[in-house]
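Only one structure is covered here, and it is reproduced in the block below.
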Amino acid sequence: METARVFFGLAAPLVVSWERDWFRDRPWPAILLTLAYGGYAIAPYRHETKPWIAFAAAGLLALGSAILLHRPGTLSLGFSVTTPVTLGPMSSARRSGTFVIGLAALTGLWAAAPTTVDLGNRLLLSDRVTVMVSAMLLAVFGGGSLVKAATDPVEREIHALAAGPAKTMALQLIDSGGRNIGLFERGILFLFLAAGQPEAAALVLAAKALARAPVDHVNHASKYFLVGTLVSVLAAAAMSMAARTAVGLSAL
């Protein structure tokens, strides 16, 4: 279990960063994610040497990927912090309401602290939870990289079509949020398969098929979605079986 937790936990942030192109566009957040999530993954085994060695290897891999892949220019954080809160005079009613809400929140935290801390520790130190969460990240984002590699040839075919209604329709369909839908699809499929409910996963695929039915007459778009869905299913199934096996459950 220790090996599975460390492996899945260190691989997950790297795959997420690669799929999101963070090493290219936002290298420092990618490195910080790798270090933070990697630290969480090896936390129960921080008194041992090998997990720290694996952690250092993951950090070096993240740094190397950032150096190799980042766009020309300085390595910046890649994000800015803004807040919608504006400071100004508040009415006595608003001040009172804010105070009461804050007091209620503090009271609730104080009352739930022992249970929350215990549950949090159990979740943070649970090898099974870490393996499952990391495997889901690998399925969702790593599967995205596989889907892109598999659908790129179809997308090139579409771009190579002669200008006309068919090409325009196909381009509009493949650009209509398919990537984000794919992330959600792989996440749902992984959850159902990891929970040992393949029938529910089949219902998800059936629902998607019905939603995509109107594009069946667009040959290239239909091919694009078919290939993408097939790879998504394979990625989710492979990672769910690997994770279930790693935690001592049957593969299906």
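The values are calculated or read from the model by the stated rules, or taken from the named source; none is laboratory data. Remember, predicted model here, so these are calculated numbers, not experimental data. No Cβ is skipped: glycine too gets one built from the backbone with ideal geometry, and neighbour counts run over all protein chains shown. Only protein heavy atoms, including side chains, enter the accessible area calculation; ligands, DNA and RNA are left aside. Shrake-Rupley method; radii C 1.70, N 1.55, O 1.52, S 1.80 Å.
A few notes on this one:
- Leading residue by the ranking (nearest to A57 (Cα to Cα)) among those in the range 1-25 that are under 16 Å from the mean Cα position of the chain (by Cα) and without any contact (Cβ under 8 Å) to a residue 60 or more places away in the chain: L10
- The set of residues in the range 157-186 that are of a type in the set (D, E) and modelled with pLDDT under 80 contains only D175.
- Filter result for R186 (touching a residue at least 40 places away in the same chain (Cβ under 8 Å) and out of contact with any helix residue (DSSP H, G or I) (no Cβ under 8 Å at 6 or more places or on another chain)): no
- You will find that of R156, R179, R128, R186, the residue that is open to solvent by less than 70 Å² (accessible area, probe 1.4 Å), of a type in the set (D, E, K, R) and not in a loop (DSSP other than H, G, I, E, B) is R186 and no other.
- Helices (runs of 4 or more DSSP H) (entirely within the range 6-69) containing at least 1 residues that are under 27 Å from K148 (Cα atoms) and aromatic (F, W, Y): 22-25, 27-42
- The residue that is nearest to the chain's Cα centre (by Cα), counting only those in the range 35-45 that are under 14 Å from T130 (Cβ atoms) and open to solvent by 10 Å² or more (accessible area, probe 1.4 Å), is Y37.
- The residues of the range 18-34 that are crowded, with 18+ Cβ neighbours inside 10 Å and charged (D, E, K, R), listed by number, are E19, R26.
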